[in-house]
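This report refers to the structure that appears directly beneath it.
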2 protein chains.
Amino acid sequence: MLIGACARVGSRILRAGHCVPQFFAATYRAYHLWCNSVLRSYLNNFPSSTKMADVESILSPLRADVQAQGDLVRRLKSEKANDMEIRRAVAELKARKKLLEEKELELTKQDHKIDRAKLEDLLKQRFVYDQSFSIYGGVQGLYDYGPTGCAIKANLLAAWRQFFVLEEQLLEVDCSMLTPECVLKASGHLERFTDYMVRDVVTGECFRADHLIESALEAIRTSKRTSEAEKSEIDKCLSQLEGYGADELAEIITRYSIKSPVTKNDLTSPQKFNLMFSTSIGPTGQYQGFLRPETAQGIFVNFQRLLQFNQGRLPFGAAQIGSAFRNEISPRSGVIRVREFTMAEIEYFVDPKDKSHPKFAQYADLKLPLFSACDQMDGKSTQEISLKDAVARGIIANETLGYFMARIFLFLYMVGVKPDRCRFRQHMKNEMAHYARDCWDAECLTTYGWIECVGCADRSCYDLTQHQLATGVRLVAEKLLPEPVTVHEVKCVPNKAKIGRTYRGEAAQILKAFETLSPDESLKIKEELVNSGKYILSVNGSHFEVTSDMVAIKEADVRVHVEEVVPSVIEPSFGIGRIMYAILEQNFHTRENDEQRTFLSLPPIIAPYKCSVLPLSSHPDFWLCLAKQLTRVGISHRVDESGGSIGRRYARTDQIAIPYGITVDFDTVNQKPPSASLRERETMKQIRVPVSANLPDLVSDLANGIVSWRDALANYPIFEQQEASK
Amino acid sequence: MLIGACARVGSRILRAGHCVPQFFAATYRAYHLWCNSVLRSYLNNFPSSTKMADVESILSPLRADVQAQGDLVRRLKSEKANDMEIRRAVAELKARKKLLEEKELELTKQDHKIDRAKLEDLLKQRFVYDQSFSIYGGVQGLYDYGPTGCAIKANLLAAWRQFFVLEEQLLEVDCSMLTPECVLKASGHLERFTDYMVRDVVTGECFRADHLIESALEAIRTSKRTSEAEKSEIDKCLSQLEGYGADELAEIITRYSIKSPVTKNDLTSPQKFNLMFSTSIGPTGQYQGFLRPETAQGIFVNFQRLLQFNQGRLPFGAAQIGSAFRNEISPRSGVIRVREFTMAEIEYFVDPKDKSHPKFAQYADLKLPLFSACDQMDGKSTQEISLKDAVARGIIANETLGYFMARIFLFLYMVGVKPDRCRFRQHMKNEMAHYARDCWDAECLTTYGWIECVGCADRSCYDLTQHQLATGVRLVAEKLLPEPVTVHEVKCVPNKAKIGRTYRGEAAQILKAFETLSPDESLKIKEELVNSGKYILSVNGSHFEVTSDMVAIKEADVRVHVEEVVPSVIEPSFGIGRIMYAILEQNFHTRENDEQRTFLSLPPIIAPYKCSVLPLSSHPDFWLCLAKQLTRVGISHRVDESGGSIGRRYARTDQIAIPYGITVDFDTVNQKPPSASLRERETMKQIRVPVSANLPDLVSDLANGIVSWRDALANYPIFEQQEASK
């Protein structure tokens, strides 16, 4: 984040004089202090504003409504009321929470008025991204990133790699997208990724059945003509919607005469639809495969290799950046819901009995904006809670989860997400998969509402267990015991020769049966052999007499130094496209006094180009040389040698978030000593720098946060020039 | 490339004291000089060795054979002999070239004996890459990159981005992999990507029909029992194989009783098989799509947006790094032939009438190892020809193509490809697509033979023309004429009101007919109207009398400043996995006197980690602090705190190509002042560096080529320690 930005945004966040790239050069301690000071300054200022007080007076009755209903749900649960009653109460709670959230959004949005149509204009016109294949009519849910978007994305991923892979010493992998069916069956995707879909009988347009029914029933419910009895009936439907099958969904569509929301035509009966893109691998067409719906599975199936790479030790983390695919039924909301997207996922494997984190202490005092499940139920808003408190009070399940939440928050902040438009929302019990211990979504506030940008979940040992069950391959780690323990081992040692001679063709199944005996069964055999000299072994319905000379049951006390554990996994999962969109929206502005002049205030770390070169004079030698020098110091730049006015050219570079611009003018060539002007995007101020002062190095220092714009302004003469935009 | 490497490889290449990362900081002039000195030193030494003279004496009769046949082919072509005769001669030429190449390989390979099995062991054991989903039995042709491979790949792509995107100011895009059928129909992939396939009737195993027939016929041809007449018949088949359809292929299989090479079972009749992975986009299942077989199409369909981004000017280049997919019938050869792979492609759009390149002069004197189509025909070997000569003599079609070949060569060299195992092979006329003007493959020599790693083609205006034809969208650029020209324009201006009143319902088709008139037709109407006052217009078989008051034909001389052109495209296309494999193989070595101790000599620029930290003492404080400092200066590193001997740990880091290693030993903690040892991979020499001298900065300077290992050896005391590997 560049220092020059302070003047414009008027925020205290950056006053301390820290800047993000320096942060990599700071010690961890200073880094932690920096994070805290940033947050504290934000927290101390924001909630105390009078505006917030007004907002609270409007929201407080709605909060009370939610809390009352939350209390009801809790009471019903503790009294073990019948299922239907609880579900109905939960549905009502959900409705009240939605009302509260909408009101909250409506009131707080006034602070950050964004004209989305204008932003979309900019994104299209400057080819940040745009619909794929549009000369062929386009395909919904597919987007191409242009030079600007591609550079922002590459910078974002490079920052992610630095911040997570390098700093956390993660093992990064790059796995296949094509995935055979068996893997996705084990992971649960073949089952879980199936939604019900209905079609418009005339146009063939498809809708997700549950979404369609939900909005139709909500509309009926709010109608004044709907009786209390009918409302209650609808609540029952809504509360059970998630569990309904095809027949029940069809029945509801018929009962309430639900039609296509677009054409009012009839709908087909609901059909199952799997959101994964399927394909055949290999020429025989028999190897059913899918495009992966997430990158995580690639890490799980490589668990053994990664554990070996880490020399068998826990904990360790693996990471993957890559594409994933979901065949959305009707993708909307721009790049928020797309069919092909980039993810960055971390799977951090830990001892299930010890989820502490060695670096937790560094962030223990860091306050995070937490919107816990409990607070959601009570109608409260996001609370700023220190990580230490949140873990101690059980709000966040464990240290490792908390540590990664802190890292996620700092990363988002570093790449341009505004802390006052970012929160961690905890999944409610009914939102989480049965195996998940705890789950938090880092959400960013945009004109689409709060959108989930990063998920952070404790998935327990579910994934490894599933793949172990499916393959029979042991996916475990050995854990050194604090001190060796003595284990009583019972081993069954068959006399293969004797059994072979006695039972010939049937010997193999008998030996196999011995192999799979439990210790208790072995001990029972031992007892019978001692008592009666024989034992009747049952194998697949046949009975075989086993005598003492056929098998020996041996017992021994063994000193064991390690135990095998299936590691638990903490999974931070980043949606790169969504983070990018949130950053673009939260950093989109119009110039004061000129509504038409839009620009993007991206921090230099992710700006697509760090510098523009605008030649006004007709001497190309100078600026060609300058461009080469910029390349040499690693500063990505864009030359705009179009004939447009300087104001128009500045406006264009502001739109693609270029933080610095060098103008080569007539004076550069004619004056002695030659100089060029350097302009900063946020302040629009310019300084005049002698060419001999090594302009490219100055730009490099500014872009990397080594020199602040304020210092530059102090060290070089201000250059005054009218920026006519027309 | 690190300087310390010189001592070991004994090459003069790096003697000059330059090193690759500095090269980014060097001026272009110095850079060019460096490239040339590197190559000259190589060229002056290699071919003059006595070994080469021996080799040539063996090869010369084979070369003569090829040349004689090449002459025959040329003579037949110039005499316009019948097609069959030419094809037969070409088939024989091909066979002789193959024999020569095999002999050449066999003889030159002795210089670089590589035990591929040992390399594969290393790649597997250190998880550079390995088969995907192997706990599920694995899928052929799919590979996962582990931490080492992933880091090498990421470094390779970062270097590519720096070398091409930043230095050539390319417009990088990131487009969808899912591609609708219409796009791939226009590009020719729907048609072209279809191979014929046969199956083993018993096992169902699939084979590519032409490959199978080719090897079966070649085996029959070399049999002593085969008569000259039969050989001639076989030559006929082989020469026409590429053009055969299903029936003809089936006939050959029957005639020669060709069976499965694996089981000797019968084969099914040939069936068409498209190598693209197909899938359905969207829920209706009606939108047929494919996974892209190359990244290039994403650039072509965005041509207009990119041209606009470049403010309408030619030439400009676009680039894309991304995955592509080919459903190989039976993938083999490790990562050389896979089903999912990473490409990096450039599409450089130029004026078709001016393919000069502004930076060509920088490389004009650079000599490249060229294996031209002509030399292939003459049985000659690769020639070192300067770029200037190659373009002047028409060997390379134009400057832009030559410029990119130079850049490709330098890039490959920079990332670790050996110049003496790299060549550019020109496509023969019959290898190239009809629209291609010229095409060269950068090939790297490996144990699989010469493998194509980068293609560089002049594709003329084929791609844009195809998409324009399919969509009707004009994919052209405006070109400023050197001076304005005067064009005589003829315009047909109908009187809509009069025509409407006269012909009512039929007026629309008449107006449409006027719109699409050619200038000549318009002039003919004008003439008739002047002569007779009327004209009979024929539209869809109906005839309409048109009078002078219904239409005016206007002529005018117009000054035109621009002309529209469909740009030609020069396409350098990089196979990232293949380049990586070539680098791994060409940099794989075993230690002298220890065959079991293998290591990888990757240049630091692409080494997965720049430094290892090997703690011998039990004081974690010191090395934890050191690791943090390394992170702070951006040096990726790996801590090996396993209990293994220091020799074993060094061997492990050598295997994953880590160029530097810091050992923290008992003396580090106990001695005053504290110091640690720093070891270099190639020389295995160690120096003792005081901790106060800022070890991390020294490693950073070494890894970035700012300080040479030779200088480091001179400035710090040598540390002697036995490197026991066992």
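The values are calculated or read from the model by the stated rules, or taken from the named source; none is laboratory data. This is a predicted model, so every value here is computed, not measured. Neighbour counts are summed over all protein chains in view; Cβ atoms, including those assigned to glycine, are modelled from backbone coordinates with ideal geometry. Note: areas computed on protein heavy atoms with side chains; ligands, DNA, RNA excluded. Shrake-Rupley method; radii C 1.70, N 1.55, O 1.52, S 1.80 Å.
Counting only protein heavy atoms and a 1.4 Å probe, region B:609-715 has 38 square angstrom of accessible area per residue.
Within the same chain, aspartates and glutamates fewer than 8 places from B:K672 are excluded, and of the rest, those with a Cα less than 20 Å from its Cα are B:D621, B:E720.
With the label put 7 angstrom out from Cα along the Cα-to-Cβ vector, A:F666 ends up 7.8 nm from the copy partners, going from closest to farthest.
A loss of 30 Å² or more of accessible area (1.4 Å probe, protein heavy atoms, ligands and nucleic acids excluded) relative to the isolated chain is seen in these residues of region B:156-179: B:L166, B:Q169, B:E172, B:D174, B:S176, B:M177, B:L178. Taking all protein chains together and rolling a 1.4 Å probe, A:R578 ends up with roughly 50 Å² accessible.
Helix content alone sets the calculated 222 nm mean residue ellipticity of chain B: runs of n ≥ 4 DSSP H residues at -39500 (n - 2.57) each, divided across all residues, give -12000 deg cm²/dmol. Where both bridge residues fall in chain A, DSSP classifies roughly 90% of the beta bridges as antiparallel. Applying the criteria of a DSSP loop state and at most 14 other Cβ atoms within 10 Å to the GluC sites (Glu not before Pro) of region A:567-609 yields A:E592. Against chain B, whose longest principal axis comes from its Cα atoms, helix B:246-255 is set at around 60 degrees. Association of chains A and B removes close to 7800 square angstrom of accessible area from solvent, both sides included, for a probe radius of 1.4 Å.
Note that region B:194-274 presents 56 Å² accessible area per residue, ligands and nucleic acids not counted, probe 1.4 Å. Candidate cross-link partners of B:K491 among the lysines, defined by an alpha-carbon separation under 22 Å and a same-chain spacing of 8 or more, comprise B:K512, B:K524, B:K526, B:K534, B:K554. To the nearest ten degrees, helix A:620-632 and the longest principal axis of the Cα atoms of chain A are 30 degrees apart.
The residues of region A:303-323 occluded by other protein chains by 50 Å² or more of accessible area, set against the chain on its own, are A:R305, A:F309, A:Q311, A:R313; surface from heavy atoms, 1.4 Å probe. Post the alpha-carbon centroid distance, region A:81-131 to region A:567-631, in whole angstrom. Using only Cα atoms, the two centres lie 27 Å from each other. Across the identical copies, the 7 Å label point of B:K353, projected outward along Cα→Cβ, sits 8.2 nm from its counterparts, in ascending order.
By accessible area, using a 1.4 Å probe on protein heavy atoms only, chain A has 50% of its surface on carbon and sulfur.
Of A:I321, B:I252, the residue with the largest accessible area leads and the full order is A:I321, B:I252 (1.4 Å probe). Note on surface exposure: B:K672, A:K685 rank B:K672, A:K685 by accessible area, highest first, 1.4 Å probe.
Applying a threshold of 18 Å to the alpha-carbon distances of B:K103/B:K236; A:K367/A:K388; A:K353/A:K479 flags B:K103/B:K236 as lying beyond it.
Just to confirm a number: summing +1 for Lys and Arg and -1 for Asp and Glu over residues other than A:V487 whose beta-carbon lies under 10 angstrom from that of A:V487, what do you get? After counting each charged neighbour, the total is -2. Once both labels are positioned 7 Å from their Cα atoms along Cα-to-Cβ, the gap between A:E218 and B:E248 label points is 6.4 nm. Between A:G647 and the same site in the other copies, what are the distances in nm, shortest first, taking label points 7 Å from Cα along the C-beta direction? Between copies, matching label points for A:G647 lie 7.7 nm apart. Looking down the axis that turns chain B into chain A, the chain B residue with its beta carbon nearest that axis, and the gap rounded to whole angstrom, comes out as B:T279, 2. If you take all other residues with their beta carbon under 9 Å from the beta carbon of A:D174, and give Lys and Arg +1 and Asp and Glu -1, the sum is -1. Within straight-line reach of A:K153, meaning a Cα separation under 22 Å, sit the following lysines at least 8 residues removed in sequence or on another chain: A:K118, A:K124, A:K418, A:K610, B:K153.
Karplus-derived 3J(HN,Hα) values for region B:333-349, using 6.51 cos²θ - 1.76 cosθ + 1.60 with θ = phi - 60°, are 6, x, 7, 6, 10, 10, 8, 9, 8, 9, 10, 9, 10, 10, 10, 9, 8 Hz; glycine and proline are entered as x. Amide H contacts for A:V539 (H built 1.01 Å from N in the peptide plane; partners 5 or more residues away or on another chain; cut-off under 5 Å): A:F544.
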